[in-house]
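Enquirer: After the structure tokens below, expect a handful of questions from me.
The values are calculated or read from the model by the stated rules, or taken from the named source; none is laboratory data. Because the structure is a prediction, the values reported are computed rather than measured. Because the Cβ atoms are built from the backbone with ideal geometry, glycine has one as well, and the counts that use them run over all protein chains shown.
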């Protein structure tokens, strides 16, 4: 770990020696500005339809194999106004 970190520090120090006089700062290599889409709320998929093919479920929770050390159920819920 120490040797790779030392190489990184050496490279940064080497870059510090480069003469950048007259060079404009660069924040991105892209020619365009960030293009954002409008933030518009859309109707989601019906929860019953989403759960149609879920193999094991309980009250809109997807049951999955336990992955916790204490063995408890690990599950995920989908919150949707179409309950």
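Enquirer: Please name all residue pairs, on different chains or six or more residues apart, with Cβ atoms under 6 Å, provided the first residue is in the stretch 2-18 and is assigned to a helix (DSSP H, G or I) and the second residue is exposed (fewer than 10 other Cβ atoms within 10 Å of the Cβ) and at pLDDT below 90.
Expert: Between residues of the stretch 2-18 that are assigned to a helix (DSSP H, G or I) and residues that are exposed (fewer than 10 other Cβ atoms within 10 Å of the Cβ) and at pLDDT below 90, there is no close pair.
Enquirer: Let me ask something additional. Check residue 68 against each of (1) assigned to a loop (DSSP other than H, G, I, E, B); (2) at pLDDT below 90; (3) surrounded by 12 or more Cβ atoms within 10 Å (Cβ to Cβ); (4) out of contact with any helix residue (DSSP H, G or I) (no Cβ under 8 Å at 6 or more places or on another chain) and name the one condition it does not meet.
Expert: (3)
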